[in-house]
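Heads up, the thing below is written out as structure tokens.
Derivation of every value follows stated rules applied to the coordinates shown; laboratory data play no part. Because the structure is a prediction, the values reported are computed rather than measured. So basically every Cβ, Gly included, is an ideal-geometry build from the backbone, and we count neighbours across all protein chains shown.
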Amino acid sequence: MEHFAAFSFVDRITELTPGTSVRGVFAVPAALPDFSAGLVAEAIGQLAAWAAMAQAEFRKRPVAALAADIRIIGEAAPGCRLDLGAEIDGGDRDTVLYGGWAQVGDARVMEMRQCLGPMLPMDDFDDPAAVRRHFETLRAAGARPGRFGGVAEPEIDIFERSAGQRLRATLRVPESAPFFADHFPRRPVYPATLLLDAETRLAAVLAQQVLHGPAKVHRVTGVKLRSFVVPGQVLEIGADTLSHASGSVRLGVTATAEGKRVATARVEMVAS
Amino acid sequence: MPTDINQDEVLAVYPKVAETMADALGCTVEQLVLDVPLIEGLDAESIDFLDIIFRLERAFKIKIPRGKIVEDARGDLSEAEFEHKGYLTDAGLQRLRDYLSEVPANRFQSPMKVADIPRLFTVETFCRVVVRARRASAVAQ
């Protein structure tokens with residue numbers, strides 16, 4: 001699979017103020033069945049990452065670690081153009097702190113606040129020269145749109161249910177998938193945003209029981225990624241109801257590997 | 001670099017620090033007694049320390065540069081005077097003992113890896129970080 005295609009969500013960087021802000025676009029391929037909230041978050045994160053990598057002269061790259069607040073306001077339908085923005089709020093040579101947004105036309109579809117990623121050696125993940133060349137392409141004419149061919153949803157096997165209170169499931173990360181060629185060529189890592197998508201899918205099952213009808217994710221807070229998830233890894237993912245009010249429910253979601261916490265977050269779901 | 005932070009200052013920030021840390025670590029406030037070692041006692045990992053600092057910045061509206069604890073402990077010692085090949089020098093270890101005065105002496109190993117410094121951190125360590133950052137913020141204003 002072509003690098004900067006299978007899991008790349010910035011077609012062009014339209015504005016860049018080094019160390020401060022960046023703007024970009026991504027055309028969501030019309031042939032896709034859908035484009036999840038996790039992938040919108042990925043697009044915002046990737047745009048911020050390009051700004052951080054350029055600032056670090058492509059010697060380091062950020063990886064996902066913390067996101068204080070993600071608001072899912074609307075949907076990015078296949079065929080739409082996502083306008084992306086990120087403000088670099090600070091950080092230092094070892095971390096990048098940013099906030100960002102995505103919108104379709106004039107309508108915001110997502111806002112992310114206070115996201116933090118450690119900057120790790122680029123050499124461990126990718127070829128710095130290739131990354132720099134692609135950045136130059138994105139800054140000039142842009143990459144060919146329509147490169148993303150979709151991601152197969154991993155199977156979630158629910159093995160423990162406590163109606164309205166708790167669900168536990170097994171998530172088998174694929175041994176191989178096209179996106180591993182892009183994320184990342186030298187060190188395949190299961191994207192945190194896909195893990196978050198799987199966790200919110202599980203949370204939606206529980207929320208549906210609590211709300212007695214279909215539910216959609218409205219807000220995700222306190223996202224914390226503790227370790228990388230690798231190809232073939234088997235995770236236990238869980239959702240627990242924390243509180244609920246009329247038309248909304250707050251859930252805690254977790255992912256563990258061999259008893260060790262891999263990721264945690266809180267998800268607010270509303271009746272849809 | 002002896003610290004002049006008194007216990008009243010620590011206790012003044014402790015409730016909010018404990019509440020913030022409980023959210024970050026997914027534990028109860030009751031587990032966060034002042035002297036609990038965060039790694040051995042509560043299974044904290046390096047990402048938790050980033051998260052704690054990040055949350056404390058927001059909760060107290062202060063700025064805490066990453067690596068601040070080690071940087072402050074080093075003080076005016078050069079990097080070479082503070083550590084050698086990843087291990088604290090004798091002078092570096094003494095500086096660390098003075099700076100982390102809330103940590104019992106028997107928890108400092110000799111030789112000690114720089115990478116093991118976070119193993120010493122307790123809840124009180126972060127209370128003191130907040131007190132220092134608030135003082136620095138007051139001076140800056």
- Of all residues making up the stretch B:8-23, the number that are among the hydrophobic types (A, V, I, L, M, F, W, C) and within 14 Å of chain A (Cβ to nearest Cβ): 2
- Being among the β-branched types (V, I, T) and part of a loop (DSSP other than H, G, I, E, B) is the filter here, so list the residues in the stretch A:213-239 that pass it. A:V229, A:V230
- Only one of these conditions is not met by A:V210: (1) outside any strand (DSSP E or B); (2) within 14 Å of another protein chain (Cβ to nearest Cβ); (3) over 18 Å from the mean Cα position of the chain (by Cα). Which number is it? (2)
- Being surrounded by fewer than 18 Cβ atoms within 10 Å (Cβ to Cβ) and among the basic types (K, R) narrows it down to one of A:R147, A:R161, so name that one. A:R161
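May I ask you to list the residues in the stretch A:257-272 that are within 12 Å of chain B (Cβ to nearest Cβ) and in contact (Cβ under 8 Å) with a residue 12 or more places away in the chain? Lay out the reasoning, then the answer.
Taking the stretch A:257-272 and keeping what is within 12 Å of chain B (Cβ to nearest Cβ), we get A:259-266.
The answer is A:K260, A:R261, A:V262, A:A263, A:T264, A:A265, A:R266.
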- For the stretch A:1-37, the count of residues that are in a loop (DSSP other than H, G, I, E, B) and within 14 Å of A:E87 (Cβ to Cβ) equals 3
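Of A:Q103, A:Q114, which residue is within 14 Å of chain B (Cβ to nearest Cβ), free of Cβ contacts under 8 Å to residues at least 60 places away in the same chain and not charged (D, E, K, R)?
On the way: A:Q103 fails: within 14 Å of chain B (Cβ to nearest Cβ).
From the options A:Q103, A:Q114, the qualifying one is A:Q114.
Specify which of the listed residues (A:A64, A:A86, A:A102, A:A43) is among the aliphatic types (A, V, I, L, M), part of a loop (DSSP other than H, G, I, E, B) and under 27 Å from A:V270 (Cβ atoms).
Working: A:A86 fails: part of a loop (DSSP other than H, G, I, E, B); A:A102 fails: part of a loop (DSSP other than H, G, I, E, B); A:A43 fails: part of a loop (DSSP other than H, G, I, E, B).
Of A:A64, A:A86, A:A102, A:A43, the one residue that is among the aliphatic types (A, V, I, L, M), part of a loop (DSSP other than H, G, I, E, B) and under 27 Å from A:V270 (Cβ atoms) is A:A64.
Quickly run through the stretch A:222-242 and pick out the residues that are of a type in the set (D, E) and more than 14 Å from chain B (Cβ to nearest Cβ).
Of the stretch A:222-242, the ones of a type in the set (D, E) are A:236, A:240.
Within the stretch A:222-242, just A:E236 meets the criteria.
Consider the stretch A:221-255. How many of its residues are out of contact with any His (no Cβ under 8 Å at 6 or more places or on another chain) and among the basic types (K, R)? Step through it out loud before you land on a result.
First, the residues of the stretch A:221-255 that are out of contact with any His (no Cβ under 8 Å at 6 or more places or on another chain): A:221-247, A:249, A:251-255.
Then drop every residue that is not among the basic types (K, R), which leaves A:224, A:226.
Adding up the residues that qualify gives 2.
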- Might you check whether a residue that is touching a residue at least 40 places away in the same chain (Cβ under 8 Å), within 30 Å of A:Y98 (Cβ to Cβ) and either surrounded by fewer than 19 Cβ atoms within 10 Å (Cβ to Cβ) or hydrophobic (A, V, I, L, M, F, W, C) (or both) occurs anywhere in the stretch B:73-85? yes
- For the stretch B:65-78, name all the residues that are away from chain A (no Cβ under 11 Å), part of a loop (DSSP other than H, G, I, E, B) and not hydroxyl-bearing (S, T, Y). B:G75, B:D76, B:L77
- Item | Among the residues listed as A:L167, A:L195, the single one being in contact (Cβ under 8 Å) with a residue 24 or more places away in the chain and more than 17 Å from A:E42 (Cα to Cα) | A:L167
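Please determine, by comparing only the residues of the stretch B:24-54 that are in contact with a strand residue (DSSP E or B) (Cβ under 7 Å, 6 or more places away or on another chain) and assigned to a helix (DSSP H, G or I), which one is farthest from the other protein chains (Cβ to nearest Cβ). Outline the logic, then answer.
Of the residues in the stretch B:24-54, the ones in contact with a strand residue (DSSP E or B) (Cβ under 7 Å, 6 or more places away or on another chain) are B:26, B:34-38, B:47, B:50-51, B:54.
Next, from what is left, pick out any that are assigned to a helix (DSSP H, G or I): B:38, B:47, B:50-51, B:54.
Working: B:L38: 14, B:I47: 5, B:L50: 7, B:D51: 6, B:F54: 6 Å.
Ranking the candidates gives B:L38 first.
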- Pair list, Cβ < 8 Å and 6+ apart or interchain, from the stretch A:20-41 residues that are over 24 Å from A:I88 (Cα atoms) to residues that are assigned to a strand (DSSP E or B): A:V28/A:R81; A:V28/A:L82
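Whether any residue in the stretch A:64-71 is under 18 Å from A:V223 (Cβ atoms) and more than 14 Å from every other protein chain (Cβ to nearest Cβ) is what I want to check. If you could, list the steps in order and put the result at the bottom.
Filtering the stretch A:64-71 down to residues under 18 Å from A:V223 (Cβ atoms) leaves A:64-71.
When the remaining residues are screened for being more than 14 Å from every other protein chain (Cβ to nearest Cβ), the result is A:70-71.
So far as the stretch A:64-71 goes, yes, one or more of its residues are under 18 Å from A:V223 (Cβ atoms) and more than 14 Å from every other protein chain (Cβ to nearest Cβ).
Looking at the stretch A:240-247, can you tell me whether even one residue there is surrounded by 18 or more Cβ atoms within 10 Å (Cβ to Cβ), touching a strand residue (DSSP E or B) at 6+ places or on another chain (Cβ under 9 Å), in a strand (DSSP E or B) and of a type outside the set (F, W, Y)? First the steps, then the outcome.
Narrowing the stretch A:240-247 to residues surrounded by 18 or more Cβ atoms within 10 Å (Cβ to Cβ): A:241.
Subset that is touching a strand residue (DSSP E or B) at 6+ places or on another chain (Cβ under 9 Å): A:241.
Still in the running and in a strand (DSSP E or B): A:241.
Restricting the remaining residues to those that are of a type outside the set (F, W, Y) gives A:241.
Looking through the stretch A:240-247, at least one residue is surrounded by 18 or more Cβ atoms within 10 Å (Cβ to Cβ), touching a strand residue (DSSP E or B) at 6+ places or on another chain (Cβ under 9 Å), in a strand (DSSP E or B) and of a type outside the set (F, W, Y).
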- Task: Answer yes if at least one residue in the stretch A:51-68 is within 15 Å of the chain's Cα centre (by Cα) and of a type in the set (F, W, Y), and no otherwise.
- Result: no
